[in-house]
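Coordinate-derived values only; no laboratory data. Bear in mind the structure is a predicted one, so any value in this text is a computation, not a measurement. With ideal geometry, Cβ positions are generated from the backbone for all residues, glycine too; neighbour counts draw on all protein chains shown.
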Amino acid sequence: MIVKFITEKVNNIFVMIEVESKFKINKPIDVVVKYFSEPKNILKFVPYFDELYQIDESTYRFKLKWLMTLNLIAKKVCRKMEKGYEIIYEINKESKPRFHSQLYNFIAPINEGSEILIKYIYEGPFESYVKREASIFMKKFEERAFEEISSFERTLTNIPIEITVNKPTLNGYIILKEGVISKNEEINILLDFAEVESINGITELILSDSKNIVKIKFENGTVKETYGDIDKLTGNINYMIKKKK
């Protein structure tokens, strides 16, 4: 773990800090990317964050209960890079107390699994306290990463799916996954998968029961089009995730 300090003051008040952690884990990159794409997996290591609520596909609201209680908004950005994936969570608070923070995650494939770089950047008040807590977070995550991601991986395999690779459709898509789910909470896993797969591309998630159908189109990690109401789906739900060739 590396702790960096940028000593240049901003408005003679704030000091920017960076805390980095880089390690390898014997887990496939698609599982690791999905894990980091769900902010609840990260926030469980930071006890001061609570009441996470997803506003839209890339925006989250949560409560910070630490030196003071604040309602904060975080933006998520997912990007597929040449050598891996970037997943970034960023907070910009302009009202007092003003601060900027960013949790930057880079996941790259290696022969043994995945290499993970986590960087926390902070600019604002209480920098010595933030430095200490960020260092604790990094150390705790390194120690428990394999266990936590393994547990998350088991939740993915609980979904009965049939994966079809490079199967073309009439509309120029390939089918990535299709199958049946029986629990509504499992839809979130499919949404995350379709979102990640749409980075630098286009994917479509189709859900249907005996009466209703829902179509959600993703492009570059964000929702572009929706049809139908997920809340109306009941019972066994058929699904298909397809990607533009």
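Taking 0.36 nm per residue of sequence separation and removing the Cα-Cα distance, the residue 219/residue 112 pair yields an extension gain of 35.5 nm. Phi angles across the stretch 186-198 convert, under the Karplus curve 6.51 cos²θ - 1.76 cosθ + 1.60 with θ = phi - 60°, into 3J(HN,Hα) values of 6, 4, 4, 5, 5, 4, 5, 4, 4, 5, 4, 5, 7 Hz, Gly and Pro given as x. What FRET efficiency comes out for residue 236 versus residue 132 if R0 is 35 angstrom and r is the Cβ-Cβ distance? Round to the nearest 0.05. Calculated value: 0.10.
If R0 is 35 Å, the Cβ-Cβ spacing of residue 155 and residue 82 corresponds to a FRET efficiency of close to 0.70. Within a straight-line Cα-Cα reach of under 18 Å, residue 65 can be paired with the following lysines, leaving aside sequence neighbours fewer than 8 residues apart in one chain: 40, 44, 93, 96, 131.
Once backbone amide H atoms are built at 1.01 Å from N, residue 198 has 221 as its partners under 5 Å, excluding neighbours fewer than 5 places away on the same chain. Taking 24 Å as the limit for the C-alpha separation, the pairs 140/177; 75/177; 215/245; 119/243 exceed it in the case of 140/177; 75/177; 119/243.
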